[in-house]
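The values are calculated or read from the model by the stated rules, or taken from the named source; none is laboratory data. Being a predicted model, the structure only gives us computed values, none of them experimental. Neighbour counts run over all protein chains shown; Cβ positions are idealised from the backbone, glycine included.
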Ligand code: SAM
């Protein structure tokens, strides 16, 4: 059984997809999708030897070597043109790392119509990258599991330019439409405390560039506004 978090990622993978799961670790996600006959083919990509071995072992144990290819490599470099990948999942990493992986491998995304991304932090970095590369956000989920709060972002390639406001990038354009939401409130109340504390510390410290403080103050303002409007 998948975690609730990975189940939500799995639920956004279309039938007959050809998937690249980047940072697959145990390959739980592609193994589940193959066992349930949802995907046609998958690559389980890993940059680290240990997790790559975990993936290979799980795929072999499940007898799925013909459906899932376990590959060692950095980010999207494991994707080849003749794999005909149309869906990419990247889950369980920071948003900056996810955006960097997408940016470094963007020529591999030519045939990729859907990205399903689950950043652990820094969701705004991911949304900004999507906006700048013509992927429209078509699904967003927020969930609490094992004392963490996770967000899942589904994005589909579009030919129209997209523009999101700073608030939409920070909170999620679709999550903002589904308020009030108790998990969302909990996440942003905690984040507001963290930001306020950081502002205080920066003001006390010497030689912190004013624009760093201003950036956090802007963030604090946006969070307060969204929390107020929610109630
Ligand atoms: N995707 C699984 C999940 O969500 O449960 C595993 C997440 S695990 C916390 C993150 C994995 O990403 C690690 O196994 C790590 O080796 C891998 N990783 C980090 N940077 C990577 C990169 N540039 N390319 C491929 N894999 C990467």
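Structural remarks
- Selection status of residue 43, outside any helix (DSSP H, G or I), more than 30 Å from residue 195 (Cα to Cα) and touching a strand residue (DSSP E or B) at 6+ places or on another chain (Cβ under 9 Å): yes
- Qualifying residues in segment 2-22 (those that are more than 16 Å from the chain's Cα centre (by Cα) and away from the ligand (no atom under 13 Å from the Cβ)) - the one surrounded by the fewest Cβ atoms within 10 Å (Cβ to Cβ): 15
- Taking the criterion of being surrounded by 15 or more Cβ atoms within 10 Å (Cβ to Cβ) and over 10 Å from the mean Cα position of the chain (by Cα), the residues of segment 74-95 that qualify are 75, 76, 77, 78, 79, 83, 85, 86, 87, 88.
- When residues of segment 31-61 are limited to those that are in contact with a helix residue (DSSP H, G or I) (Cβ under 8 Å, 6 or more places away or on another chain) and within 12 Å of the ligand (Cβ to nearest atom), the one nearest to residue 9 (Cα to Cα): 32
- When residue 147 is tested against (1) farther than 25 Å from residue 11 by Cα; (2) without any contact (Cβ under 8 Å) to a residue 12 or more places away in the chain, only condition (1) is not met.
- Within segment 62-118, being touching a residue at least 40 places away in the same chain (Cβ under 8 Å) and near the ligand (Cβ under 9 Å from one of its atoms) holds for 75, 76, 78, 89, 90, 91, 92, 93, 101, 118.
- Total residues in segment 50-80, condition part of a helix (DSSP H, G or I), closer than 22 Å to residue 98 by Cα and touching a strand residue (DSSP E or B) at 6+ places or on another chain (Cβ under 7 Å): 5
Residues are listed down the side, and each one gets a yes or a no for (1) farther than 24 Å from residue 150 by Cα; (2) outside the structural domain of residue 144 (by TED's automatic domain parsing); (3) exposed (fewer than 10 other Cβ atoms within 10 Å of the Cβ); (4) at pLDDT 95 or above:
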{"position": "193", "(1), (2), (3), (4)": "no, yes, no, yes"}
{"position": "207", "(1), (2), (3), (4)": "yes, yes, yes, no"}
{"position": "213", "(1), (2), (3), (4)": "yes, yes, no, no"}
{"position": "222", "(1), (2), (3), (4)": "no, yes, no, yes"}
